[in-house]
Structure formats: structure tokens, C-alpha cells
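The values are calculated or read from the model by the stated rules, or taken from the named source; none is laboratory data. These figures come from a predicted structure and were not determined experimentally. Because the Cβ atoms are built from the backbone with ideal geometry, glycine has one as well, and the counts that use them run over all protein chains shown.
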Amino acid sequence: MNYSSAEIWLIIALLAVGTYLIRFSFLGLIGDRPMPPLVLKLLRFTPVAVLPGMVAPLALFPDATGGETEPVRLASILVVLAVSWWRKNALWGILAGIAVLYAGLIATGQL
Amino acid sequence: MTASTAKSVYRKGVRDGAPFLLMALPFATFFGVAASEAGLQLAQIIGFSLLVIAGAAQFAALQMMIDNAAIALVLLAALAVNLRMAMYSAALVPHLGAAPFWQRALVAYINFDQSYMQSMIEYEERPELTPTQKGWYFMGVASLIAPTWVIATIAGALVGQSIPPEYALDFVVPIMFMAMVGPMLKSLAHVAAAFTSCAVALALLGLPSGMGLIIAAFCAMAVGAAVETWMERA
């Protein structure tokens, strides 16, 4: 990470203001007017549109291995997806993924 | 409305919000660990959790910062993750629109996934609550989660600095993200959006940090909305 301290604080401040305005938007400012259905429909997909695209490169080409695909990390992330989907619960997915990650790192002598 | 009912509604909110600590505690701890791994200072890490106070967006911003993305792209990615909260805000209007301004302003600060969802469940079950009581309930649900979020972040940041790199803490962020994705895959449209997001992001890896992700997200939202529209017609 090579941002200056001021740049990091700028990011934090703008994110704080932006996030607050998003949360405040309708409740505080826009009032009871309905949003266009297409906008609502698109908004519903934002988390599921952003997060997978962030994970895929990290899972396939982790920084820690210099961008080499690494079977233990890949297996771990697939287990996270499977378990969190199956249990409909993020926490179970995290625990299962961490278990697989450490078991794999130990088994392959990386830990 | 008497003071005692406001108090009892608030207390019920606190009780109903308590189970969510199981979720907030590890998430916030992991954020503290990941942020200190990435090289942020303690004050900055606290700033994130106290001022932004939004798990997925904090992780998204952190990952973009680890990749040294342009500041505008860091903000875009993190705020895109938070756009769903505009929907929460809209959905709360029928319940809290008539509540006092100070309550609405405070509820906006503590409008997270958990507090929103729990409050909406309660509002459906108890339509007799006044807007002000509903506001008190919301504040009750959030009043344990919010401080826990900040304190656990600090704990994670302090612990994270003493953990050696063999422990693969670099992989905490992808694991957290993936775990948030699983429960969201509720329909074919969501799966299609997630798949599009992965495919486009991987195809555009050559672009400057963060740029490919933003394009991938827009494509994925369009695909998700298109598949949903198509399924409604079928």
C-alpha cells in the first residue's frame, strides 16, 4: 500500500460521508416517493455483482504466492462458497474455509 | 406515548439484536487483523470502523487499497457495495418516515444489514408501534452491535500485528467476501450476476487496479436484472 497518511484519511472521510448519505437518502431527504422499478432491480444485485469479481482474482492468483495459483487457497475459497451457500450463513462458511485453509497449509508443509 | 413504552421497546430491540454479536464480533476482528496486515495505522483502522461502520464496504476499500488502486476507484468499489443500503433506507420510510428527525438521522448511521433486517421483521409483526417506538426499537437492535464492531476491530488490529505471514492472513479478506456471497445466491439471477462478475473481472485483469472490477460489477448488475426479468416472464 503506498498512499500517504493524508490520502488514507481522505478515503476514510469520503467513504464515511458517502456511506452515511446512502443510508440517509430516502429516510432523510427523498421522502416517500417510489424509485423507478428498474433502479430498484439493479440495486438489488450490487453486492452480488461486486464481491465475486473481487474474490475471483484473489482466489486464483493470490498475492502471497506471487500470483501463482495455489491449491490450498483455491480449495479453501470453494469450501467457503459451498458451506455459506448451503447453510445460508456467512459465519459457518468462514469457519469451514479457515479449517480447510489451515489443514491444507499444514498438510502441504507451508505452516 | 409514555417514556416506559419507549424504554421497553428499546430494551426488546437490545435483546433481539444480541444474537447478531456472534456475527459482528468475528467480522470486525478480521477487519482489524486484515487492515493492520495491510499496513494501516491503528487510528486509521478505528476511523474506518467508527465512521464508515459497514463491513463489506470496509473490506472492499481495504482490498482496493492493498492493490494501490486510484482513490476514486477505491471509493467507487466500496460505495457500490453499500448501494443496497439505499434500498434499506427506502424500505424504512413507511415505518420511520414520520419519526423525529434526530431519530432518522441516527438510524441512518446505524443502518446495517442486521439492524435493518431484524427491525423490519419486528415492524411487520407489530404494526401497532408508533414511528417513534419503531425508531427506539431500531436503536435498541444496533446499540450492542455498533460498539462491538468498533471494539472488536481494535482487538483485531492489535492482535494482527503480532501474527507471522505463514498464517496466510492475506487470505482473510477473500474468505470473508466469499462467505458474504454464499447466502446471497438466492435465485438463478443472483447466480448469473455472480458468475458474470467473476468472468468479466478475470477477463479484465490487465486493466489498471480496480477498473476491471467496476466494469464487471455493472455487467453483472445488468445480467442479474435481465435474468430476473426473463424469469418473471417465463
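Here B:Leu129 clears all of (1) aliphatic (A, V, I, L, M); (2) touching a residue at least 60 places away in the same chain (Cβ under 8 Å); (3) assigned to a helix (DSSP H, G or I) except the condition numbered (3).
Elements of the type helices (runs of 4 or more DSSP H) sitting completely within region A:37-89 and holding at least 2 residues that are over 14 Å from B:Phe177 (Cα atoms), more than 7 Å from chain B (Cβ to nearest Cβ) and at pLDDT 90 or above: these cover A:71-87. Checking B:Gly39 against (1) in a helix (DSSP H, G or I); (2) surrounded by fewer than 17 Cβ atoms within 10 Å (Cβ to Cβ): exactly one of these is not met. Which one? All conditions pass for B:Gly39, except number (1). Return yes when B:Val159 is surrounded by fewer than 17 Cβ atoms within 10 Å (Cβ to Cβ), at pLDDT 90 or above and part of a helix (DSSP H, G or I) and no when it is not. The answer is yes for B:Val159.
Just to verify a result, which residue in region B:58-73, among those that are assigned to a helix (DSSP H, G or I) and of a type outside the set (A, V, I, L, M, F, W, C), is farthest from the other protein chains (Cβ to nearest Cβ)? Only one residue tops the list, namely B:Gln58. For A:Gly104, the conditions (1) out of contact with any helix residue (DSSP H, G or I) (no Cβ under 7 Å at 6 or more places or on another chain); (2) more than 7 Å from every other protein chain (Cβ to nearest Cβ) all hold with the exception of (1). Step by step: first the residues of region B:186-234, then only those that are of a type in the set (Ser, Thr, Tyr) and closer than 19 Å to B:Phe59 by Cα, then the one that is surrounded by the fewest Cβ atoms within 10 Å (Cβ to Cβ). Which residue is that? Out of the qualifying residues, it is B:Ser209. Residues in region A:99-111 that are outside any loop (DSSP other than H, G, I, E, B) and surrounded by fewer than 19 Cβ atoms within 10 Å (Cβ to Cβ): 5 in all. Taking the conditions exactly as written (modelled with pLDDT under 90, on the phi < 0 side of the Ramachandran plot and either part of a helix (DSSP H, G or I) or within 14 Å of chain A (Cβ to nearest Cβ) (or both)), does B:Val173 satisfy them or not? For B:Val173, the condition - modelled with pLDDT under 90, on the phi < 0 side of the Ramachandran plot and either part of a helix (DSSP H, G or I) or within 14 Å of chain A (Cβ to nearest Cβ) (or both) - is met. Of all the listed residues (A:Leu81, A:Leu51, A:Leu60, A:Leu43), the sole one being within 18 Å of B:Ala34 (Cβ to Cβ) and surrounded by 16 or more Cβ atoms within 10 Å (Cβ to Cβ) is A:Leu51. Within region B:74-120, if we keep just the residues that are more than 10 Å from chain A (Cβ to nearest Cβ) and at pLDDT below 85, the residue that is nearest to the chain's Cα centre (by Cα) turns out to be B:Gln114.
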